[in-house]
Amino acid sequence: MERTLVLLKPDAVHRRLVGDLITRFERKGLKLIGLKLVHADKALAEKHYAVHAARPFFKDLLSFLTSSPTVAIALEGREAVTVVRNLVGATDGTKAPPGTIRGDYAISIQNNLVHGSDSPENAANEIALWFRPEELVSWGPVDGPWVTGS
Ligand code: UDP
Ligand code: MG
């Protein structure tokens with residue numbers, strides 16, 4: 001079973017969309033294994049977006065991510081990385097198709113509500129960045145085989 005990190009970024013919290021967005025991941029069949037509200041400091045934001053350090057939008061992106069709380073979510077499921085990326089949609093809200101989270105709720109490039117890991121390797125690193133091992137909960141939903149087909 002694959003794991004991925006989702007962040008509901010500060011705009012999702014300000015816009016009171018946290019419940020709606022968690023619902024989208026839950027109803028797809030993904031399993032919550034970690035969930036918390038975090039006010040990221042600069043060091044955490046820099047590490048999370050280290051790959052973008054040289055990009056012109058980096059400074060603004062750090063200000064955004066450190067401005068106020070983010071909801072950090074670890075999810076597990078079949079092909080969880082790809083499933084989440086497909087649910088989230090393209091980076092620019094104006095380009096993301098309707099039906100995706102960004103397509104339905106975002107019109108900004110920066111304030112696009114959600115982060116989803118882009119590979120299983122990055123997911124493992126990002127989950128370790130946002131969660132301590134003891135904050136991740138291993139459990140089996142009673143309908144597990146019916147949802148995952150295994
Ligand atoms: N971002 C931005 N300006 C850009 C591109 C990206 O502010 O021109 C922000 C946006 O919040 C995005 C994040 O940087 O979600 C990370 O960019 P990436 O290309 O990894 O997009 P994602 O994987 O989130 O779709
Ligand atoms: Mg990315």
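The values are calculated or read from the model by the stated rules, or taken from the named source; none is laboratory data. Nothing here was measured: the structure is a model prediction, and the numbers come from that model. Cβ sites come from the backbone with ideal geometry, for glycine too, and all protein chains shown count toward neighbours.
Some values worked out for this structure:
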item: So residue 94, is it among the β-branched types (Val, Ile, Thr) and either more than 24 Å from residue 19 (Cβ to Cβ) or at pLDDT below 95 (or both); result: yes
item: Condition met for residue 26 (farther than 16 Å from residue 126 by Cα, modelled with pLDDT of 95 or more, of a type in the set (Asp, Glu) and away from ligand 2 (no atom under 16 Å from the Cβ)); result: yes
item: Residue 140 vs. criteria assigned to a helix (DSSP H, G or I), more than 22 Å from residue 39 (Cβ to Cβ), over 14 Å from the mean Cα position of the chain (by Cα) and more than 16 Å from ligand 2 (Cβ to nearest atom); result: no
item: Condition broken by residue 129, with the remaining ones in (1) crowded, with 19+ Cβ neighbours inside 10 Å; (2) touching a Leu at 6+ places or on another chain (Cβ under 9 Å) satisfied; result: (1)
item: Residues that are within 15 Å of the chain's Cα centre (by Cα) and assigned to a loop (DSSP other than H, G, I, E, B), drawn from region 40-81; result: 40, 49, 69, 79
item: Sole exception among (1) farther than 18 Å from residue 130 by Cβ; (2) in a strand (DSSP E or B); (3) of a type outside the set (Phe, Trp, Tyr) for residue 33, by number; result: (1)
item: Qualifying position, being without any contact (Cβ under 8 Å) to a residue 24 or more places away in the chain, surrounded by fewer than 16 Cβ atoms within 10 Å (Cβ to Cβ) and farther than 22 Å from residue 128 by Cα, among 91, 100, 82; result: 91
item: The listed residue being within 16 Å of ligand 2 (Cβ to nearest atom), without any contact (Cβ under 8 Å) to a residue 60 or more places away in the chain and not in a loop (DSSP other than H, G, I, E, B), out of 134, 121, 126; result: 121
item: Residue, surrounded by the fewest Cβ atoms within 10 Å (Cβ to Cβ), within region 47-72, restricted to residues that are without any contact (Cβ under 8 Å) to a residue 60 or more places away in the chain and away from ligand 2 (no atom under 15 Å from the Cβ); result: 56
item: Test: residue in region 15-30 that is over 19 Å from residue 92 (Cα atoms), in contact (Cβ under 8 Å) with a residue 40 or more places away in the chain and not in a helix (DSSP H, G or I); result: yes
item: Number of positions in region 82-99 that are within 11 Å of ligand 1 (Cβ to nearest atom) and within 15 Å of the chain's Cα centre (by Cα); result: 6
item: In region 82-118, the residues that are out of contact with any Leu (no Cβ under 7 Å at 6 or more places or on another chain) and either of a type in the set (A, V, I, L, M) or assigned to a strand (DSSP E or B) (or both); result: 87, 88, 90, 96, 98, 107, 109, 116
